[in-house]
Structure formats: C-alpha cells, structure tokens
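The values are calculated or read from the model by the stated rules, or taken from the named source; none is laboratory data. Predicted model, so just to flag it, every value in this text is computed and none were measured. A quick note on method: Cβ atoms are made from the backbone with ideal geometry, for glycine too, and the neighbour counts reach across all protein chains shown. Quick note on the areas: whole protein, heavy atoms, side chains included, nothing else; ligands and nucleic acids left out. Shrake-Rupley method; radii C 1.70, N 1.55, O 1.52, S 1.80 Å.
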Amino acid sequence: MSRLCRESLNGARAPKPQYDRENAAIGIVHLGAGAFFKAHQAVYTDDAMAKSGGDWGICAVSLNSTRAKENLAPQDGLYSLKIMGEQPEYRVIGAVKEVLAGITDRADVIVRIAAHTTRIVTLTITEKGYCLEGGGALDFSHEGISSDLLGEGLPVTAIGVLTAALAKRFSSGAPSITIISCDNVSENGSKLRRAILQFSARKDAKLSAWIEANIVFPNTMVDSITPASDAALLTDVKAAIGLTDKAPVHRERFTDWVIEDFDGPRPAWDLAGAVFAPDVTPYEQTKLRLVNAPHSALTYLGLLSGIETVSAAMEDAGLRDYFYALTERELIASLGASELIDFPNYRDRIGARFANKSIRHELFQIATDGSAKLPQRFLPPLEINHQAGRSTGYTALAIAAWMRYVLQTLRAGDILNDPLRDGLAEIAKQSSGESGDDVRALLGLGEIFPQSIAGNEALTAQIIGAYEALKTGGVAYALSGLK
Ligand code: CS2
C-alpha cells in the first residue's frame, strides 16, 4: 500500500487540507513535535488556514529525537488525525511543512527561527524542558543550561536554542516574533520569558534588554486528551484512509485552547475555536487543578491497584468516588469563587471525559516525569487548603501514592521515566523503607517540595499516614481512611 505523502494525498479516503497547502509558506516554528502538538496546535492551524489562509505553515522540530523527522519527512509533513469516539473520524492534517531534528539539524533550527518570515514560535517541550528550579526560576545548575551558557558548540536546550535564534533576529533587525508556550505549566509564558531573560542576561545584556522590550510570551491553557500513538492506531488509519501512515495521532473530540491576547500576526486560530483572553490565569489554574491534578492522582492510585487506563480507573467505584471527592472538597475548594467558570459543571465534564471507554489512555503515560508534574498539580491546592484550614487529606493521599509508586518501582528494578530518576533511585536505595523515612527523604528533594511543605509537620504527618496506609493495607484501605 502506498505511503501518505504529497503525491498520494489525493487518494486518501479522508478529508484533506482545505487550503492551498503547496503555496502556504512557513510562518511558525514549533519546538516539541510530539503527539500533543500534532493533535492540537497543528490542527488549529490547519483549520485556521482553511478559514482564512495565510502563510502559517509549520516547521516542526523535535529537539532530542530524530523520530518525528524519520516518520514525517517521508510523508512531506502529512499525517492523519483520528478523533476517538464510538464513531471515529479521520482527517489528514497538512499544517506541518517542514520537519527538523535538533540532534542533526540544530543550526537549521536556529536559522529557521531567526528567519524574517517566522513570526511565531510555539512550544510543547514538557515541564522538564523549561529547566526551572522549584521556585520557577531558571536552574543554572542544569547540565544543559550550564553547557549552553559556556557556549561551546550549538545550544542543546530549548532556552539556549531560542536565545541563540533571538540573538540572530536582534542583529539582523528581524520583525517581532511571539513565543507561545503550550505546556501544562502554570504561567507557562511568564516562566519561559523569565528563563530566557535570565539566560540571555548572562550571555549579553543588550540582547536581554532587547528581548525584554520586544518579545511577547503569552500565557496559554491547552487541553485535549491525547494518548500516545500505538500500533493499533497505525492499523486503524491504514484501513480507514487506504494509505500507510507512520505518523498518525489520535485524541478525544474535546479540545480547548485559551491564549493570552497579544499584538502581532497570527493564524486565525480564533476562527478555529481558540479563545484570545486578556488573562489566562483562571482557565489555566482550573485546567491544571481539575484535569491534570486528578489525572495524576488517579494514575498513581490506579497503578498501585494494578489498573492500566484512566477509563478503567473511573470504573473502579473507590477511585471514582475519590475523583469526585478530591475535586469537590479540595481542588474546586482551592480555586475560590469564579464568575467565569462553573466549576462543578466543568468537573462533571472532566469526569465524563476520563470515563470515555473509546479512549485507551495509559496511566503509565501520565506517570511519566512525575517529579516535574507534581509541583504544578498537587502542591498549590495542598498549600492553599492547608492555610485556609480546609481538608487536605485527598491531595496528601495523591502525593503519598506518587511516593509509593516511585519507590516501589525503583526498588523492584522497574522502569521509571523521570528527570530526577537518579536522585529518586538513591533515596530508594538509602532509605530504610520505613514510612516516615521514605516520606521525609522524598520531601527533602528541594527541586519538588518547597520548605513551606517539607518543613510543615502537620502536612508531613498526613503524607506519612497516607503512605503507611497504602503500604500496609493497599489502595482500598487508604481510601477508606479518608474523611
Ligand atoms: C496528562 C496530560 O500526561 C499527562 O500528564 O495529564 O497530558 C493531559 O492528558 C492533557 O493535559 C489533557 O489536556
């Protein structure tokens, strides 16, 4: 069977790009060419070009792997999107016009971002890609950051690559560019801006002042459940569109994108359903607390119960009740009042999205990089509720479940994908295994837990209690202890 590509596109049995793809020039560079980008921002851009054209082709870059390029370049950037549901739908997305791999094409990536025709950079580099320390500032002790600062050879981190490209734009008098973080990090744009300003200040004070005055980093909220692509998806897509596609993605039908409004050229993303808002904070906080936090909580409790997917976790009566109680008593409670968002209704929609059996969303996937996700997801509600004298036991159990999962996995010699893996493995080896020792050792990781939590005896005792309950009686027992 032929492979999906420019020549075979007409024969695809699925809706195709509805714009003059051949003549749409590249106006966007995206860092982090993974499934989420392909299922979310690239689809909005595809729709925006279909509605109102424009030179908004995307150069998709994966900084640390060559896989996206290997799979997408032979397809001329084309790939299929499957919308999961009882009646799945397929379409071919054409917004990606060029694919680069940081490992082999680093100089080209910098040139592409610096090109005068590039007006937007978007990023999905995951939490750890920002190289931030616990307080949200740039971590200068990060290996990649310190080597990028030394400046021998081309930069390896996203922060280094962006700064190098901005330096070129500065010296060549390129028009303004907007840099849009699309990761699940609270105040993602502000944090990226701060990291780039801190980094560039150490390189070149004039460059840093120019970035500060000229480059905008809007905050955003992104949402759409996108399970990793698997072999079954490749088979489905082949049967549906009649062509081989080695780079398809699948996601739920629901999708959401709120972008802090900015001056500057952009695709008609609003016509594609995105919302430009003066302040993204309420949307972003609600999403992190009511989608991502319960996602991670169900993940660790689910994995400890031998459950594999989010929908299976929602079928377990104990975990389903826990989802509703955690969100109601602690996560919604921590958000305060809102005139913009109806929290219970929002939460109920999340409950339905999580329970959707047409989506096989592996808990193992969500467990990836737990140490970088946990501070975004669990710590703000824990602290806010603790200070307000409200319930914290449900969130404390989620943290204890992460601890238990991490140490159990490492002690069993199983795979743990985490940027702090080495430090965590050291704790797994050194700690006595007694609940108080395990929990205190993990709370001592300053990259994750601020002193306000690690040094708080009441919260520490609560997490130790939950950890002990998980250890001695398992998940059902720990859940039964929640009041
Ligand atoms: C998930 C997210 O893997 C994870 O950590 O919580 O990817 C989640 O599916 C998306 O943010 C939903 O928009």
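The range 114-143 and the range 198-215 have Cα centres separated by 15 Å. Per-residue packing, averaged as other Cβ atoms within 10 Å, sorts the ranges 91-102, 322-333 into the order 91-102, 322-333, beginning with the highest. For the chain, the longest principal axis of the C-alpha atoms and the axis of helix 393-411 are separated by about 80°. Annotation: per residue accessible area for the range 207-332 equals 34 Å², rounded to a whole number [probe 1.4 Å, protein chains only]. Overall, the accessible surface of the range 200-355 at a probe of 1.4 angstrom is composed of carbon and sulfur to the extent of 50 percent.
Per residue, the range 1-112 exposes an accessible area of 40 Å² to a 1.4 Å probe, with every protein chain left in place.
Against the chain, whose longest principal axis comes from its Cα atoms, helix 343-355 is set at around 80 degrees.
Quick one: grab the alpha carbon gyration tensor of the range 314-462, order the square roots of its eigenvalues as a ≥ b ≥ c, and give me rounded if a/c is under 1.5, else prolate or oblate depending on whether a/b is larger than b/c. Write down the numbers at each step before the final one.
Numbers: a/c = 2.15, a/b = 1.32, b/c = 1.63.
Here the range 314-462 falls in the oblate category.
Once you have a ≥ b ≥ c as the square roots of the Cα gyration tensor eigenvalues for the range 387-483, tell me rounded if a/c is under 1.5, and otherwise prolate or oblate according to whether a/b is larger than b/c. Judged from the Cα gyration tensor, the range 387-483 comes out oblate (a/c at least 1.5, b/c at or above a/b). The Cα center of the range 285-347 and the Cα center of the range 349-363 differ in position by 12 Å. Measuring against 21 Å, Cα to Cα, the residue pairs 51/168; 168/203; 82/191; 51/287 contain 51/168; 82/191; 51/287 as the ones spanning a longer distance. Based on C-alpha pairs under 8 angstrom that are at least 6 apart in sequence, the range 361-473 has a relative contact order of 32 percent. A cut-off of 5 Å between modelled amide H atoms, ignoring neighbours fewer than 5 places along the same chain, links residue 275 with 257, 258, 259.
Against the main long axis of the alpha-carbon atoms of the chain, helix 457-480 sits at an angle near 90°. Shown are 403, 1, whose ranking by accessible area with a 1.4 Å probe and every protein chain present, most to least, is 1, 403. For the range 418-467, the carbon plus sulfur part of the accessible surface works out to 51%, probe radius 1.4 Å. Just check the range 1-89 against the gyration tensor rule for me: Cα atoms, a ≥ b ≥ c as the square roots of the eigenvalues, rounded for a/c under 1.5, and otherwise prolate or oblate depending on whether a/b exceeds b/c. Rounded, because the longest to shortest axis ratio a/c is under 1.5.
Rolling a 1.4 angstrom probe over the protein heavy atoms with all chains in place gives the range 350-483 an accessible area of 42 Å² per residue.
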